[in-house]
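Notes for the one structure printed next.
Every number in this text was worked out from the coordinates using simple rules, so none of it is lab data. The shown structure was predicted, so the numbers you read here are calculated from the model rather than taken from an experiment. For neighbour counting, all protein chains shown are included, and Cβ atoms are generated from backbone atoms with ideal geometry for every residue, glycine included.
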Amino acid sequence: MSGFKIIEYKNQYKLSIKIMKLAFIGIGNVGFAIADNLQKKGHEIIVANNDPTSETVKKALAQNPNFSVNTIQEAVNQAELIFLATPFNANEEILKDLKFGGKILIDCTNPVGAGISHGLKSEVSGSEKVQEYAPDAKVVKAFTIYGFENFIDSSYPSYNVKPLMMIAGNDAEAKSIVTIMSTDMGFETLDTGNLDQALHLEHMTLLWVKMVRRDGHHPNFVWAKLER
């Protein structure tokens, strides 16, 4: 699939968005919410799984039969962007033998430990570990800081500001492409800096998760950027 579509940005100007082929390693709540949103925007989705009969794959295809399925490495080979949306503890085993060839790997995972703590004791970000596991990928932290509910639907039509998506990564061009995907999903994107900033984004995710999953706050809230 190829081509472009035009979307309006902040009621000010329009962006030309390339229709892209996207692979998803992990298609649970977060992965499916992002993939389904982007498929409905016109992007082609490949579910990357070495077991096409797994329950998560079958559930995803039942919910959106427009997805295709391929082995993880073949999906990586075919895709223009790869999303990682697995449980963090599975990342090393999944990534260690994959070849990315310099492609962008969007890290949507979070290391979560006991009591909704940081699973790496806040000594290093999960994204830096992902970069270590996939040294030939351009890793960008994105599509965290919220639960899956805000990836299903990011719209807050009563406000004149867009919900904010914060990203981090070491490669400026990779971040610019991830920003296009984020814009397509309805977010304003803030580049927070290099990949070590992902540690702070992971703490923002933990804050959101503790508020919602532990303490009963409703999930329909986001961060926004106000700049003077």
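Observations, loosely collected:
- Ranked by the mean number of other Cβ atoms within 10 Å of their residues, highest first, the peptides 76-89, 199-212 fall in the order 76-89, 199-212.
- Computed across the range 167-228, the Kirkwood radius stands at 13.2 Å (inverse of mean 1/r, all Cα pairs).
- Annotation for the range 103-157: trypsin sites (Lys or Arg not before Pro) lying in DSSP loop with at most 13 further Cβ atoms inside 10 Å of their Cβ are Lys121.
- Helix-only CD estimate at 222 nm, as mean residue ellipticity for the chain, using -39500 (n - 2.57) per DSSP H run (n ≥ 4): -8500 deg cm²/dmol
- Other residues with beta-carbon under 13 Å from the beta-carbon of Asn220 carry, at +1 per Lys or Arg and -1 per Asp or Glu, a net charge of -2.
- Rg and Dmax of the chain, based on Cα coordinates, read 16.6, 52 Å.
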